[in-house]
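To start, the structure itself, in structure tokens.
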Amino acid sequence: MPQKQKSKSWLELKQAGNECFKKGQYGEATSLYSQAIKELEKSGKKNPEELAILHSNRAASYLKDGNCAECVKDCNVSLELLPFNVKSLLRRAAAYEALERYRPAYVDYKTALQVDSNITAAHDGTNRMTKALTEADGLSWREKLPPIPTVPLSVREKLAQKAAQPNPTPQQNGSRPADKPAPSDADIKKGQVLKEEGNALVKKGEHKKAIEKYSQSLKHNPTEVTTYTNRALCYLSVKQYRDAVRDCDEALMIDSSNIKALYRRAQAHKELKDTKACVDDLNNLLKVEPKNTAALKLLQEVQKKK
């Protein structure tokens, strides 16, 4: 008699979801994370932290698929289980931003910065929301904001310690730069110097040399979004389009609504003749910045060729 196939554990389902997410199979990843959530809840184990991560991971898949309302719901659950979880705050902020709910998006970006003041995505998001809210509500926009929660010092210390610990099993959460231990101040400074050297080479048109500098910079600080988008620009210039897509993927894992990453990935997809992916990126970009002329122009160009 054939043996009955053993059903997968929640951890196996989570890892399978992470693999699908990395490959851009967001619908499949959502389904696997949903199964993992069911399995973990069925097991009766009290594991709020893992459950929070699963909801946050599923939120990331929903966000990638443009299902912002479901992303917000999952982030709400994740943050109830694991208050002030930075990834959930950033994902919910990005979803609110795409839904044009700029006030709660601003609050989430500012809350994330209380936990870790070095998050580029949160700084960029705060700046975008400040601009949008000033345009919408004038100079008194701050008076209309919901209250920004105060992150207790004990929570900040706990999360900072966690970020500083080496992660023995990065594949469990997707081996992305956003999941790596936070770089030290010395590494951040060294990474910044190398990035600026790369920027200087770009100005001279020396894109291959700039790629080397950006690569060195990322070894010191793999959480710097602009280094990925700058290197992606260089890869576009030397016609290494798949590498450009990969760098934009990395940048968008850290900041899901990064304009440069979405635009440069769209350019790379266009060169790779992947019109659907190109149009998707441009549409996502235009949700964040509806009047972006470069994106509107490229979208018109690509749709003419369809």
Only one of 73, 42, 38, 46 is within 27 Å of residue 148 (Cβ to Cβ) and open to solvent by 30 Å² or more (accessible area, probe 1.4 Å). Can you tell me which? 73
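Would you pick out the residues in region 270-286 that are more than 15 Å from residue 256 (Cα to Cα) and under 19 Å from the mean Cα position of the chain (by Cα)? Walk me through how you get there before you give the answer.
First pass over region 270-286, keeping only residues more than 15 Å from residue 256 (Cα to Cα): 270-279.
The answer is 277, 278.
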Of these, 218, 286, which one is under 30 Å from residue 108 (Cβ atoms), surrounded by fewer than 18 Cβ atoms within 10 Å (Cβ to Cβ) and in contact with a helix residue (DSSP H, G or I) (Cβ under 6 Å, 6 or more places away or on another chain)? 286
Restricting region 257-306 to residues that are among the hydroxyl-bearing types (Ser, Thr, Tyr) and assigned to a helix (DSSP H, G or I), the residue that is nearest to residue 135 (Cα to Cα): 293
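Anything in region 107-137 that is of a type in the set (Ser, Thr, Tyr) and either modelled with pLDDT under 90 or closer than 25 Å to residue 158 by Cβ (or both)? List them, or say none.
Step one: list which residues in region 107-137 are of a type in the set (Ser, Thr, Tyr), which gives 109, 111, 117, 120, 126, 130, 134.
Scanning region 107-137 gives 109, 111, 117, 120, 126.
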What pairs can you find where one residue is in region 186-206 and within 16 Å of residue 118 (Cα to Cα), the other is of a type in the set (Val, Ile, Thr) and part of a helix (DSSP H, G or I), and their Cβ atoms are less than 9 Å apart, with a gap of 6+ or different chains? 191/227
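Examine region 82-92 for a residue that is surrounded by 14 or more Cβ atoms within 10 Å (Cβ to Cβ), over 15 Å from the mean Cα position of the chain (by Cα) and within 30 Å of residue 191 (Cα to Cα), and state whether such a residue exists.
Initial filter on region 82-92 (surrounded by 14 or more Cβ atoms within 10 Å (Cβ to Cβ)): 82-92.
So of that shortlist, the ones also over 15 Å from the mean Cα position of the chain (by Cα) come out as 82-84.
After this cut, where a residue has to be within 30 Å of residue 191 (Cα to Cα) as well, the list is 84.
The answer is yes; a qualifying residue exists.
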Only one of (1) open to solvent by 80 Å² or more (accessible area, probe 1.4 Å); (2) farther than 30 Å from residue 18 by Cα; (3) modelled with pLDDT under 90 is not met by residue 152, so which one is it? (1)
The helices (runs of 4 or more DSSP H) lying entirely within region 177-244 that contain at least 2 residues which are aromatic (Phe, Trp, Tyr) are 225-237
For the subset of region 103-139 comprising residues that are touching a residue at least 60 places away in the same chain (Cβ under 8 Å) and open to solvent by less than 10 Å² (accessible area, probe 1.4 Å), which member is farthest from the chain's Cα centre (by Cα)? 125
I'd like to check which helices (runs of 4 or more DSSP H) are fully inside region 10-72 and have at least 3 residues that are among the charged types (D, E, K, R) and more than 23 Å from residue 245 (Cβ to Cβ). 26-42, 48-64
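The values are calculated or read from the model by the stated rules, or taken from the named source; none is laboratory data. The structure presented is a predicted model; accordingly, all values stated were derived computationally and were not measured. Note that each Cβ is placed from the backbone with ideal geometry, even for glycine, and that neighbours are counted across all protein chains shown. Areas reflect the complete protein model, heavy atoms only, side chains present, ligands, DNA and RNA absent. Shrake-Rupley method; radii C 1.70, N 1.55, O 1.52, S 1.80 Å.
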